[in-house]
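J.: Dumping the structure here so I can ask a few things about it.
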Amino acid sequence: MSTQEFEKVVIANSSFLKPFAFTLTRDKESAKDLTQETLYKALANKEKYNVGTNVKAWMYTIMRNIFINDYRKKTRQNIVFDNTSNDFLLDHNQKTVVNLAESEMKLKEIKTAIQGLPDIFKNPLVLYFEGYKYNEISDYLQEPLGTVKSRIHFARKLLKAEISRY
């Protein structure tokens, strides 16, 4: 097949590439770019085309491979765009100041609420938040496992009602 015949066949089948490119990219401009790059690679690699092969399928394969390769390149780049108006602060090392007073007040209020719980609920809850497992709490308090679980559940409910704003 001569170069002119090959070019005519490729260009005649180029109209089928545009819809396929759009299904891959979901963007009109990207689809145009992908179609153009596919046509370029198809024409540049004429010697790799075997006469008798389906031209459309060959060009679809070229397009799919280009799309996959571009997608892989983009995922490896991990480009971060900051479209804010203060781009000069993008790499600026800013440190935030922690307001310990507020968190200390919250913690103090939570501790007070825990201390206000009846001992039957407070003891299993405190042990649970210290890191003990339900089985260990059950053995330590000499209570059935289900009782320990329900007391911890009710203790949480009471605390939630007591400290409703958190």
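Computed from the coordinates by the stated procedures, all read-outs in this text should not be read as laboratory data. As the structure is a computational prediction, the values presented were derived from the model and not from experiment.
J.: Projected area of the range 3-77, taken from the Cα convex hull and averaged over every viewing direction, in nm²?
T.: Its Cα hull, projected and averaged over all orientations, spans 5.1 nm².
J.: Here's something else I'd like to know. Round to a whole angstrom and tell me the spacing of the C-alpha centers of the range 38-57 and the range 12-32.
T.: Centre-to-centre distance over Cα atoms comes out at 17 Å.
J.: Can I ask one more? Can you show me the helix-derived [θ] at 222 nm for the chain, built from DSSP H runs with n ≥ 4 at -39,500 (n - 2.57) apiece and divided by the number of residues, rounded to the nearest 500. Mind showing how you got there, number by number?
T.: Details: 8 runs with 112 residues, N = 166.
Rounded to the nearest 500, it is -22000 deg cm²/dmol.
J.: Still on this structure: Kirkwood hydrodynamic radius for the chain: how many Å is it when counted over pairs of different Cα atoms? Mind showing how you got there, number by number?
T.: Values: mean 1/r = 0.0431 Å⁻¹.
With all distinct Cα pairs of the chain included, I get 23.2 Å.
J.: Can you list, largest first and rounded to whole Å, the semi-axes you get for the range 100-162 by taking the square root of 5 times each eigenvalue of its Cα gyration tensor? List each step's numbers first, then the result.
T.: On the way: eigenvalues 115, 29, 14 Å².
The equivalent ellipsoid of the range 100-162 has semi-axes of 24, 12, 8 Å.
J.: On to the next question. Would you mind calculating the gained length between residue 36 and residue 109 on full extension (0.36 nm times residue separation, minus the Cα-Cα distance), in nm to one decimal?
T.: Numbers: separation 73, 0.36 × 73 = 26.28 nm, distance 6.66 nm.
That works out to 19.6 nm of additional length.
J.: Tell me, what HN-Hα J-couplings in whole Hz come from the Karplus equation 6.51 cos²θ - 1.76 cosθ + 1.60 at θ = phi - 60° for each residue of the range 107-123, using x for Gly and Pro?
T.: Each residue of the range 107-123 in turn: 4, 5, 5, 5, 4, 4, 5, 5, 5, x, 5, x, 4, 4, 9, 5, 4 Hz.
J.: Give the lysines reachable from residue 157 as a straight Cα distance under 17 Å; neighbours fewer than 8 places away on the same chain don't count.
T.: By straight Cα distance, residue 157 reaches 111, 122, 149.
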